[in-house]
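*Asks:* Quick one: this structure, given as structure tokens, is what I'll be asking you about.
Every number in this text was worked out from the coordinates using simple rules, so none of it is lab data. Keep in mind that what you see is a predicted model, and the values were worked out from it rather than measured. Note that we place each Cβ from the backbone using ideal geometry, even for glycine, and neighbour counts take in every protein chain shown.
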Amino acid sequence: AQSVTQLDSQVPVFEEAPVELRCNYSSSVSVYLFWYVQYPNQGLQLLLKYLSGSTLVKGINGFEAEFNKSQTSFHLRKPSVHISDTAEYFCAVRSVGSGGFKTIFGAGTRLFVKA
Amino acid sequence: NAGVTQTPKFRVLKTGQSMTLLCAQDMNHEYMYWYRQDPGMGLRLIHYSVGEGTTAKGEVPDGYNVSRLKKQNFLLGLESAAPSQTSVYFCASTDAGDPDTQYFGPGTRLTVL
């Protein structure tokens with residue numbers, strides 16, 4: 001079975017500062033990894049995903065994440081955040097070969113960007 | 001192309017009442033899912049469907065039923081609502097050829113008194 005831990009429930013940051021949202025996972029098999037973003041009063045939207053290949057994955061809105069197999073982490077980063085990045089971010093995992101219905105979501109990290 | 005839509009957006013029920021949440025997608029996706037989102041717990045899968053006429057239980061199916069009579073619609077029913085079912089419910093769909101990109105609806109906020 002897989003599990004996902006998002007290490008911070010809330011991350012306040014000033015506009016134009018860099019940010020890192022941390023995600024660790026647990027699995028006995030190979031996994032696919034995802035980051036979703038949820039803007040206020042909206043559904044989730046896929047930011048980026050790691051399936052295979054390069055461990056540095058670039059997504060939409062200037063976000064990127066790095067898969068670190070030895071540390072079982074998939075941290076999300078952005079070098080300079082905007083007010084519009086204020087949202088909740090979810091890390092998710094599923095084992096290779098399983099169906100999409102096996103995706104496990106973390107509890108979420110609320111990013112609050114201050115002017 | 002509306003994507004994934006959910007009806008209603010808000011609902012308040014009394015304990016013991018029943019209701020049905022409707023999810024519709026116009027992307028011809030094979031797979032559809034119902035999740036609930038609770039504070040500090042992320043999303044948990046209630047039921048899912050891999051095609052018209054098929055449904056299966058997810059992580060937290062108790063107290064819910066589903067039906068997929070048409071490919072584009074996925075209904076979630078609560079036969080006898082309980083306060084523990086107060087939550088935000090999200091529907092999602094994926095294409096069979098790209099199961100890793102889930103498209104989510106805007107959610108339904110349900111309060112059970």
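*Asks:* Rule-of-thumb check for the stretch A:21-115: C-alpha Rg over 2.2 N^0.38 Å?
*Replies:* For the stretch A:21-115, the normalised Cα radius of gyration comes out at 1.06.
*Asks:* Scan around B:Ser67 for amide H atoms under 5 Å from its own, H built in the peptide plane at 1.01 Å from N, and keep only partners 5 or more places away or cross-chain.
*Replies:* Excluding prolines and chain starts, which carry no amide H, the hits are B:Leu75.
*Asks:* Under a Cβ-only charge scheme (Lys and Arg +1, Asp and Glu -1), can you give me the dipole magnitude of the protein assembly as shown about the Cα centre, in debye to the nearest 20?
*Replies:* Its charge dipole is roughly 360 debye.
*Asks:* Another question, then. Within the stretch A:3-114, count lysine pairs with alpha carbon atoms under 23 angstrom apart where the residues are 8 or more positions apart or belong to different chains.
*Replies:* So the count works out to 9.
*Asks:* Could you give me the ³J(HN,Hα) list for the stretch B:32-37, computed from phi with Karplus coefficients 6.51, -1.76, 1.60 and θ = phi - 60°, whole Hz, x at Gly and Pro?
*Replies:* Couplings: 9, 9, 10, 10, 10, 10 Hz.
*Asks:* Can I ask one more? Size of chain B along its principal axes in angstrom, Cα-based, largest extent first?
*Replies:* 41, 29, 26
*Asks:* Using the alpha-carbon centroid of each, what span in Å lies between the stretch B:15-69 and the stretch B:73-113?
*Replies:* So the two Cα centres are separated by 5 Å.
*Asks:* Using a 10 Å cut-off on Cβ to Cβ distances, tally the other chain neighbours for every residue of B:98-107 and report the average as a whole number.
*Replies:* Numbers: counts 1, 8, 11, 5, 10, 4, 7, 3, 3, 5.
For this peptide, the per-residue mean of nearby foreign Cβ atoms is 6.
*Asks:* Using a 10 Å cut-off around each Cβ of peptide B:28-39, what is the average number of partner chain Cβ atoms that fall inside?
*Replies:* So the per-residue partner count for this stretch is 2.
*Asks:* Ordered by residue, what ³J(HN,Hα) values in Hz, to whole numbers, does the stretch A:55-72 give under the Karplus form 6.51 cos²θ - 1.76 cosθ + 1.60, where θ = phi - 60° and Gly and Pro are x?
*Replies:* Computed from phi, the couplings for the stretch A:55-72 are 6, 9, 10, 9, x, 7, 6, x, 7, 8, 9, 10, 7, 10, 5, 5, 9, 6 Hz.
*Asks:* Still on this model: With +1 assigned to the C-beta of every Lys and Arg and -1 to the C-beta of every Asp and Glu, and no other charges, what is the dipole magnitude of chain B about the Cα centre in debye, to the nearest 20?
*Replies:* Magnitude of the dipole: close to 480 debye.
*Asks:* When you look at the Cβ of every residue in A:44-57, what mean number of other chain Cβ atoms sits within 10 Å?
*Replies:* For this peptide, the per-residue mean of nearby foreign Cβ atoms is 2.
*Asks:* Can I ask one more? In whole Å and largest first, what semi-axes does the C-alpha gyration tensor of the protein assembly as shown yield when each eigenvalue is scaled by 5 and square-rooted?
*Replies:* 30, 20, 16
*Asks:* Charges on Cβ only, +1 for Lys and Arg, -1 for Asp and Glu, centred on the Cα centroid of chain B; of B:Ala81, B:Ser49, B:Leu21, which one is farthest towards the dipole's positive end?
*Replies:* Selected residue: B:Ala81.
*Asks:* Further question on the same structure: Near B:Lys71, which lysines are there with a Cα under 19 Å away, not counting those fewer than 8 places off in the same chain?
*Replies:* Candidates past the 8-residue exclusion: B:Lys57.
*Asks:* Considering only C-alpha atoms, what is the centroid distance from the stretch A:70-115 to the stretch A:4-65, in Å?
*Replies:* Here the answer is 3 Å between Cα centres.
*Asks:* Which whole-number percent is the relative contact order of chain B (Cα, under 8 Å, 6+ apart)?
*Replies:* The normalised contact order for chain B reaches 35 percent.
*Asks:* Taking H as built 1.01 Å from N, whose amide H comes closer than 5 Å to the amide H of A:Ala107, not counting residues under 5 places away?
*Replies:* Close amide H contacts, sequence-distant or interchain: A:Gln6.
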